[in-house]
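The values are calculated or read from the model by the stated rules, or taken from the named source; none is laboratory data. This structure is a prediction, so every number in the text was calculated from the model and none was measured. Using ideal geometry, Cβ is built from the backbone for each residue, glycine included, and neighbour counts are taken over all protein chains shown. The area values use the complete protein model at the heavy-atom level, side chains included, leaving out ligands, DNA and RNA. Shrake-Rupley method; radii C 1.70, N 1.55, O 1.52, S 1.80 Å.
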Amino acid sequence: MKRTVWTRKHLLGIADLEVAEIEMILDSADSFLEVARRPIKKVPTLRGRTLLGLFFEPSTRTSSSFEIAAKRMSADWVNFSSASSSIKKGETLLDTAKNLEAMAPDLIVVRHALAGVPDMLAAELSCGVINAGDGAREHPTQALLDAFTIRQRKGKIQGLDIAIIGDVEHSRVARSDVALLTKMGARVTLAGPRSMMPPDAEALGAEVCYSIEEAVRDKDVVMMLRIQLERQSRKVFPSVKEYFEFFALTRDRLAKAKEDVIILHPGPMNRGVEIASDVADGPYSVILHQVANGVAVRMAVMYLLDGARGERA
Ligand code: ASP
């Protein structure tokens with residue numbers, strides 16, 4: 001039976017979510033999609049709510065997508081910039097968060113380089129917390145918008161063959177995506193150089209392969225990942241030229257996928273490194289659709305979390 005009531009106060013990771021909850025988010029996002037096409041792009045859903053963005057790591061798409069989503073629902077959005085904050089003066093993260101909480105936000109959206117920070121804030125603060133990316137652990141709203149885009153383009157997720165290729169070891173996107181897509185019944189293959197594959201890759205529930213040609217063969221969906229230089233403590237590939245030669249998605253390689261393959265990338269994209277420009281801009285790419293869908297998905301997440309205020313689990 002389909003679950004019909006959302007009771008969760010926080011969105012910390014895909015690992016916690018049931019399939020019915022994922023479907024609720026995707027279905028709600030479907031109904032928010034049309035707000036972007038209205039002449040006045042605003043609904044009153046979150047009027048009077050204060051939402052706080054705490055981004056301790058750089059972000060282009062995620063922070064602006066959350067901000068636009070909040071504003072489209074008439075919430076007040078306040079962005080905290082760690083670069084100009086008192087963290088630079090020695091204040092702890094928890095003190096900063098408690099001080100910000102004293103100003104009574106309804107939801108905090110947090111991104112941090114350390115895995116587990118959103119969970120820690122959720123345990124300490126009384127408001128709801130959304131994980132906007134924690135270290136290499138989870139990026140749940142990215143996985144939700146990826147799933148939304150796949151479902152929108154393919155009509156389903158169940159039974160699809162999906163390859164996720166690149167720097168899997170350092171990618172929170174790959175972890176959240178494997179968790180979500182396998183829960184929804186897709187078959188996922190993780191591929192990349194051995195030096196970028198975590199030792200527990202198979203335990204994530206995916207097949208693992210080390211050849212991009214093999215990974216792409218007969219796939220319905222190919223998702224490329226950026227090399228996460230900021231999370232690497234050692235050199236994991238000899239040169240960009242060699243990486244492109246052996247692991248980039250090029251037109252020739254793409255020809256091995258299914259005829260109606262779609263290509264995803266969470267961004268930021270490094271053209272000429274993990275993906276060739278003509279593929280990124282080509283007819284199979286749905287990369288900018290992912291970005292557009294991200295706003296509707298984040299509207300859905302904030303709407304559902306806010307709605308659970310009366311029935312928190
Ligand atoms: N934007 C995604 C993230 O924050 C992917 C990336 O940075 O490569 O994890």
Task: The one condition in (1) modelled with pLDDT of 95 or more; (2) at negative phi; (3) open to solvent by less than 40 Å² (accessible area, probe 1.4 Å) that Glu213 fails to fulfil - done: (3)
Open item on the list: Out of the residues in segment 262-271 meeting the condition of being open to solvent by 10 Å² or more (accessible area, probe 1.4 Å) and in a strand (DSSP E or B), tell me which one is farthest from the ligand (Cβ to nearest atom).
Closed with: Ile262
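Criterion first (at pLDDT 95 or above, of a type in the set (Gly, Ala, Ser), surrounded by fewer than 22 Cβ atoms within 10 Å (Cβ to Cβ) and closer than 29 Å to Pro140 by Cβ) does Ala300 satisfy it?
Against the criterion (at pLDDT 95 or above, of a type in the set (Gly, Ala, Ser), surrounded by fewer than 22 Cβ atoms within 10 Å (Cβ to Cβ) and closer than 29 Å to Pro140 by Cβ), Ala300 does not qualify.
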Task: Residues (within 16 Å of the ligand (Cβ to nearest atom) and not in a strand (DSSP E or B)) located in segment 153-172 - done: Gly166, Asp167, Val168, Glu169, His170, Ser171, Arg172
Task: segment 120-152, residues that are more than 15 Å from the ligand (Cβ to nearest atom) and either in contact with a His (Cβ under 9 Å, 6 or more places away or on another chain) or not small (Gly, Ala, Ser) (or both) - done: Met120, Leu121, Ala122, Glu124, Leu125, Cys127, Gly128, Val129, Phe148, Ile150, Arg151, Gln152
- [ ] Might you check whether a residue that is crowded, with 21+ Cβ neighbours inside 10 Å and more than 23 Å from Lys9 (Cα to Cα) occurs anywhere in segment 133-143?
- [x] no
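Yes or no, residue by residue, for (1) in a loop (DSSP other than H, G, I, E, B); (2) free of Cβ contacts under 8 Å to residues at least 40 places away in the same chain:
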site	(1), (2)
Ala203	no, yes
Val208	no, yes
Glu213	no, no
Ala257	yes, no
Leu288	no, yes
Leu305	no, no
- [ ] Restricting attention to segment 54-72, report how many residues are open to solvent by less than 10 Å² (accessible area, probe 1.4 Å) and over 13 Å from the mean Cα position of the chain (by Cα).
- [x] 3
- [ ] Would you please list the contacts, defined by Cβ atoms under 7 Å and residues six or more apart or on different chains, that run from a residue in segment 263-275 that is among the β-branched types (Val, Ile, Thr) to a residue that is at pLDDT 95 or above and near the ligand (Cβ under 9 Å from one of its atoms)?
- [x] Ile275/His265; Ile275/Met269
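Quick grid of which residues meet (1) open to solvent by 20 Å² or more (accessible area, probe 1.4 Å); (2) farther than 14 Å from Gly307 by Cα; (3) within 16 Å of the ligand (Cβ to nearest atom):
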| position | (1), (2), (3) |
| --- | --- |
| Thr4 | yes, no, no |
| Glu21 | no, no, no |
| Ile25 | no, no, no |
| Asp30 | yes, yes, no |
| Arg37 | yes, yes, no |
| Lys41 | yes, yes, no |
| Arg47 | yes, no, no |
Task: Where Arg251 falls short, out of the listed (1) crowded, with 16+ Cβ neighbours inside 10 Å; (2) of a type outside the set (Gly, Ala, Ser); (3) touching a helix residue (DSSP H, G or I) at 6+ places or on another chain (Cβ under 7 Å) - done: (1)
Task: segment 149-162 residues that are among the basic types (Lys, Arg), paired with ones that are part of a strand (DSSP E or B) (beta carbon under 9 Å, 6 or more apart) - done: Arg153/Val221; Arg153/Ile262; Lys154/Val221; Lys154/Ile262
Task: Selected residue (only one of Glu274, Glu245 is of a type in the set (Asp, Glu) and either under 30 Å from Arg8 (Cβ atoms) or open to solvent by 10 Å² or more (accessible area, probe 1.4 Å) (or both)) - done: Glu245
Open item on the list: Considering only segment 278-286, I want to know if a residue exists there that is of a type in the set (S, T, N, Q), away from the ligand (no atom under 15 Å from the Cβ) and not in a strand (DSSP E or B).
Closed with: no
Task: Hey, Asp106 away from the ligand (no atom under 16 Å from the Cβ), at negative phi and surrounded by 17 or more Cβ atoms within 10 Å (Cβ to Cβ) or not - done: yes
- [ ] With the checklist (1) touching a Gly at 6+ places or on another chain (Cβ under 9 Å); (2) open to solvent by less than 30 Å² (accessible area, probe 1.4 Å); (3) over 26 Å from Thr149 (Cα atoms); (4) not hydrophobic (A, V, I, L, M, F, W, C) in hand, flag the one item Pro198 doesn't pass.
- [x] (1)
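Return the residues of segment 142-170 that are touching a Pro at 6+ places or on another chain (Cβ under 8 Å) and of a type in the set (Asp, Glu); say none if nothing qualifies.
Asp146, Glu169
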